[in-house]
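Asker: Following this message is one structure expressed as structure tokens.
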Amino acid sequence: MSTDINNFTAKDLITDQEVRWCPGCGDYSILKQVQTVLPELGLKREDIVFISGIGCSSRFPYYMETYGMHSIHGRATAIASGLKSVRNDLSVWIITGDGDSLSIGGNHFIHLLRRNFNVNILLFNNEIYGLTKGQYSPTTQTGQVTKSSPYGALDHAFNPAALCLGADASFVARSMDRDPLHLRQMLKRTHEHQGAAVLEIYQNCNVFNDGAFEVFTEKTTKKGNTLFVTHGEPLIFGESNNKGIVLEGTTPRVVDLENTSTNDLWIHDEQDRNKANILVRMFDNPSDDSLPRPFGVFYSENRPCYEDLMIEQVEEVTNKFGKGNLDALLRGKSVYEIK
Amino acid sequence: MNFSTEVKEDVTIMFAGDSGDGIQLTGAQFTDTTALFGNDISTFPNFPAEIRAPQGTVAGVSGFQLHFGSAKMNTPGDELDVLVVMNAAALKVNLKNLKKGGIIVANTDGFDPKNLKLAKYPEGVNPLKNGSLEGFKVYEIDVTKHTKSALQDSGLGTKEAERSKNMFVLGFIYWMYNRNLDNTIKFIEEKFKKRPDIIEANLKVLHAGFNFGETSEAVGTRYEVKPAPMPKGMYRGIMGNQATALGLIAAAEKSGLNLFYGTYPITPASDILHELSKFKNFGVKTYQAEDEIAAVCAAIGASFGGALGVTGSSGPGIALKTEAIGLALMLELPLVIVNVQRGGPSTGLPTKTEQADLLQAVYGRNGEAPVAVVAAKTPSNCFDMVFEACRLALEFMTPVMFLSDGYIANGAEPWRFPLANDLKAIPVSFAKEKNQGDKFMPYLRDEKLARPWAVPGVAGLEHRIGGIEKEDITGNISYDPDNHEKMVKTRAAKIAGIASYIPLQTIDQGAENADVLLLGWGGTYGALRNAVSELLAEGLSVAHAHLTYLNPFPKNLESLLRKHKYILIPELNNGQLVKIIRDKFLIDAQSLTKIQGLPFYTTDIKNAVYAILKKHSENLVCN
């Protein structure tokens with residue numbers, strides 16, 4: 001990125017507000033990576049807007065020296081839709097959590113995706129309600145004991161990436177708080193996508209759901225349980241990159257690379273919606289013979305953004321009928337005079 | 001033929017029939033022609049609640065009520081002078097509203113055994129034949145037969161031919177009231193310009209209806225309703241929802257902002273969306289959101305971005321928007337909320353009118369959450385008051401609720417429309433620079449207590465706003481007890497301060513110190529005006545003041561009220577404004593309520609006034 005466009009550094013993004021997340025919260029890392037990446041994106045700081053709903057993650061805008069709005073529970077997506085409708089020049093970042101986006105704000109979330117506003121959605125998934133002190137969320141594992149499920153949660157957990165694809169999201173990716181390098185890469189990809197881009201970020205809540213993603217983030221277990229996908233590359237993972245994924249029909253299977261050539265592996269194609277659907281369904285609870293949990297950009301598609309279509313329609317209608325004249329509008333079609 | 005001609009001051013006609021009978025079109029045509037003639041007019045359509053209710057049934061009756069005359073017409077009329085019915089069901093539904101001695105024009109083909117059965121008349125009973133309509137003037141016309149015979153050589157199929165039968169009725173009524181066919185002829189030629197055969201058929205039938213009046217011996221009287229002495233100028237017809245849409249566009253133009261209308265379909269507010277969505281060439285962006293909450297939130301987002309953010313709905317939708325309205329008042333962003341009230345609670349009476357959302361508008365949010373509230377009193381007044389709502393929202397950086405109702409939203413009247421130049425500009429200034437040394441303080445206020453509107457894109461003004469209590473001036477999160485109290489009081493003072501920037505309350509009719517003051521608000525204006533005119537003519541000491549600013553009230557309201565001995569507050573609810581007036585002023589205002597999904601009739605109001613005067617006659621005589 002050329003430096004002449006940048007008018008700010010990561011430091012310039014720090015506000016005078018004290019960051020009030022719990023010590024050890026995964027949110028700190030995400031904040032740091034966002035502040036690191038933003039100056040590299042060629043944006044003007046004043047054109048950046050962070051909009052959040054309610055929840056721990058939604059405090060995020062207060063810590064970003066950009067324009068920002070900390071709104072109400074679940075509605076950041078709806079507010080951002082309105083903002084983008086009138087201001088397609090802005091870089092709008094939605095900060096939301098699993099409860100905020102998938103529970104109370106589920107409706108706005110899926111509709112934003114289908115409309116494809118050009119926004120970046122950072123979905124901090126910690127599989128718990130943190131701000132309200134530990135109730136199960138729509139991504140909490142079935143059976144998990146939480147404050148509000150002392151005998152185990154009955155709910156079937158959402159698979160956020162699958163939900164996004166189901167809602168026709170044009171960009172779906174996943175990363176984690178504890179892999180800063182990957183997270184920065186994914187943040188950049190999310191920004192670069194023209195359209196509604198969802199980046200699900202596994203984020204550890206060390207107070208109410210500590211270790212929820214441990215097997216994916218800890219050095220000892222990470223390699224065996226995670227799969228980092230790259231466009232055009234075969235799906236390889238494992239302690240010593242010794243395993244791969246092949247597709248048998250529509251079923252993914254783990255193979256040992258001692259017996260299988262990498263040429264036979266599933267090659268990741270971000271534009272393949274069908275394969276993306278299979279990829280995001282690799283959502284097993286980690287075990288010895290389970291499929292690894294994928295990370296990276298699962299799907300990316302170019303399709304018109306809603307705010308641009310709105311502008312085009314205004315232009316089309318204006319070209320057809322001419323710019324609106326208030327006097328003509330007030331007169332209407334049928335007038336008469338009383339003399 | 002020789003006809004007598006009777007001069008009438010005003011006439012109320014109801015066209016009624018099946019929803020497929022073209023009733024609304026017939027009514028609209030008669031309205032246009034009558035307006036052109038120079039009568040004043042007030043109209044109201046009455047649709048069946050079901051979109052495709054079974055033909056011929058009572059549930060499927062569509063009506064169009066029109067009141068026209070040679071004076072100011074304040075309402076669509078209480079009782080009918082003329083009832084035009086295309087079938088038995090239409091008669092059954094509307095007969096109770098017909099004046100004694102009124103005229104019934106009945107399409108006899110709609111009273112065949114099948115239609116009588118569909119209308120649930122007992123076996124063998126035909127109201128046209130059994131003497132039950134004695135006391136009314138009944139003109140029985142086989143409209144279907146006349147229509148068919150007018151079109152026998154047209155080559156049109158029976159079904160297509162029958163579709164023109166509303167034109168026969170229209171032609172006949174035009175004859176009855178001495179009206180010119182030109183406007184309708186022009187309309188038909190325009191509407192069907194791609195189907196010359198349909199134009200010809202409709203015109204033939206229209207003329208046939210007119211000529212039937214001329215030649216038939218059945219009708220001996222024609223009526224003359226002279227033009228009304230209306231103020232000179234250019235007029236058009238306007239419905240309330242249409243006026244609301246135009247008012248929003250005008251406010252956007254006069255403030256130099258782009259209009260963003262976020263909404264979700266709901267009766268009776270959807271027509272505002274339909275209307276606005278046509279005018280993209282004014283830069284209007286309409287956004288049909290996934291739900292009511294998204295609609296208001298998108299409007300807030302648009303407002304944050306520097307557009308004129310507006311959302312519109314009816315009671316149930318407003319309930320859903322409540323939390324977001326609270327957010328907007330905390331963010332102190334401009335937002336206009338249009339509430340076209342309908343009968344409640346819950347789903348209530350979607351197609352019927354009521355004024356039962358006043359308390360919701362003024363008080364209905366969590367926390368201490370004042371917003372400004374204005375209301376329209378007539379269909380065309382929707383234009384003025386929604387324009388005002390936009391002005392207040394922009395000048396005071398606040399949500400403003402604009403109340404309309406199903407009655408004025410669908411009602412229509414002639415409108416002496418303004419010129420764009422006559423509308424006052426709404427000054428808007430976006431923050432451009434830091435306002436406190438080298439810092440930008442998003443909650444530093446001006447003399448109106450409004451905070452600066454700093455939209456994204458301006459370097460140096462980056463700031464964060466949110467729903468958590470803000471620190472005075474900085475806008476940072478604050479849980480400080482004193483600060484919270486100060487902010488609550490400041491937000492209240494800002495809304496209260498609007499009183500200095502709105503017109504003083506005036507008396508609409510009557511003396512400034514009358515015995516009884518009728519204090520109304522919103523869509524009951526016409527009915528109150530009629531009642532008070534009549535009471536004044538009877539020599540009674542009454543007056544009428546009508547509120548369009550409901551929060552805050554005009555500054556002089558209390559002193560104005562105190563000049564009258566008795567205050568009567570008629571409302572289409574269970575008594576809401578009366579609560580606020582009593583609360584604010586400790587005035588013993590009395591309540592007149594009607595909660596039937598219907599407007600007030602003149603007699604409802606007059607009787608209430610008589611009762612007060614009778615009860616207090618001794619006091620009044622003493623004075």
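Asker: Using only the alpha-carbon atoms, how far is helix B:165-176 inclined from the longest principal axis of chain B? Give it as 0 to 90 degrees, nearest 10.
Answerer: Helix B:165-176 and the main axis of chain B meet at about 90 degrees.
Asker: First check a/c for the stretch B:4-224, with a ≥ b ≥ c the square roots of the eigenvalues of its C-alpha gyration tensor; if it is under 1.5, answer rounded, and if not, answer prolate when a/b is larger than b/c or oblate otherwise.
Answerer: In terms of gyration-tensor shape, rounded.
Asker: Hey, another quick one. Where in the stretch A:119-166 are there chymotrypsin sites (Phe, Trp or Tyr not before Pro) that are in a DSSP coil and have at most 16 other Cβ atoms within 10 angstrom of their Cβ?
Answerer: A:Y151
Asker: Quick one: grab Rg to one decimal and Dmax as a whole number for the protein assembly as shown, Cα atoms only, in Å.
Answerer: Cα radius of gyration and Dmax of the protein assembly as shown are 33.3, 113 Å respectively.
Asker: Order these by the 10 Å Cβ neighbour count, fewest first: A:Y63, A:Y28.
Answerer: If I rank by nearby Cβ atoms, fewest first, I get A:Y28, A:Y63.
Asker: Taking other Cβ within 10 Å of each residue's Cβ, how do B:D515, B:D291, B:D588 sort, fewest first?
Answerer: B:D588, B:D291, B:D515
Asker: Which loop-located GluC sites (Glu not before Pro) does the stretch B:205-252 contain, where loop means any DSSP state but H, G, I, E or B and the Cβ has at most 11 other Cβ atoms within 10 Å?
Answerer: Of the GluC sites (Glu not before Pro), the ones in loops of the stretch B:205-252 whose Cβ has at most 11 other Cβ atoms within 10 Å are B:E217.
Asker: Could you list, bin by bin from short to long, the percent of Cα-Cα pairs of chain A in 10 Å steps?
Answerer: Going from the shortest bin to the longest, the percentages are 5, 24, 31, 22, 10, 4, 2, 1, 0, 0.
Asker: Here's another thing I want to ask about it. I'd like the orientation of helix A:306-321 relative to chain A: the angle between its Cα long axis and the longest Cα principal axis, in ° from 0 to 90, rounded to 10.
Answerer: For helix A:306-321, the angle is close to 20 degrees.
Asker: Taking 0.36 nm per residue of sequence separation and subtracting the Cα-Cα distance, how much length would be gained by fully extending the chain between A:N259 and A:Y336, in nm to one decimal?
Answerer: 18.9 nm
Asker: For a Förster distance of 30 Å, can you work out the FRET efficiency between the beta-carbons of A:E214 and B:K486, rounded to the nearest 0.05?
Answerer: With a Förster radius of 30 Å, E is 0.05.
Asker: Let me ask something additional. Would you mind checking A:K84/B:K280; B:K193/B:K280; B:K377/B:K594; B:K165/B:K186; A:K32/A:K243 for any pair whose Cα atoms are more than 23 angstrom apart?
Answerer: Pairs exceeding the cut-off: B:K193/B:K280; A:K32/A:K243.
Asker: Still on this structure, please answer the following. Roughly how many whole Å is it from the C-alpha centroid of the stretch A:86-146 to that of the stretch B:573-622?
Answerer: Each part reduced to its Cα centre gives a spacing of 52 Å.
Asker: Also: What is the antiparallel percent of DSSP beta bridges lying wholly in the protein assembly as shown, to the nearest 5?
Answerer: Of those bridges, close to 35 percent are antiparallel.
Asker: When N is the residue count of chain B, what does its C-alpha Rg come to as a fraction of 2.2 N^0.38 Å?
Answerer: Ratio of Rg to 2.2 N^0.38 Å for chain B: 1.07.
Asker: Taking the stretch B:109-159, which GluC sites (Glu not before Pro) meet the DSSP loop condition and have no more than 15 other C-beta atoms within 10 Å?
Answerer: Here the sparse-neighbourhood loop sites are B:E123, B:E134.
Asker: Between the stretch A:189-247 and the stretch B:1-72, what is the C-alpha centre distance in whole Å?
Answerer: Cα centroid to Cα centroid, the span is 69 Å.
Only the coordinates and a few stated rules stand behind these numbers; no lab work does. Here the structure is a predicted model, which is why all the values come from computation and not from measurement. Positions of Cβ are generated from backbone atoms using ideal geometry, with glycine treated the same way; all protein chains shown enter the neighbour counts.
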